[in-house]
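We did not get these values from a lab; they are worked out from the coordinates using the rules stated. Computed from a predicted model, the values in this text were never measured in an experiment. Cβ atoms come from the backbone with ideal geometry, glycine included; neighbour counts cover every protein chain shown.
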Amino acid sequence: MRQTEIGIAGEGVSVRATVKYEAHPTLHLWLPVEMVQQIASGGRGDSTFSAMGGGPGYRMREAYEGRATYSNFRPVAADTR
């Protein structure tokens, strides 16, 4: 198994994507079998949101993760004329 990973971070947000590859026995290619994306953001609260009693200025953080899996690879005939 092989994998690639990219991460980008900026002011208050970070994004990371990881793709895992496996060698396909009949197609003789390394093909993606799973992708995971993670996004995290954080910032200061404002006076209109109490954040469960944290009050103004409470540090909020949100994180999301998405996962995709790939399978059933097969060749497709293409006419390149």
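Counting neighbouring beta carbons within 10 Å and listing from fewest to most, the residues S41, S71 come out as S71, S41.
The slack in the chain from S71 to Q37, taken as 0.36 nm per residue of separation less the alpha-carbon distance, amounts to 10.4 nm. A crude spin-label estimate for the pair T18 and M1, with each label 7 Å from Cα along the Cβ direction, gives 0.9 nm.
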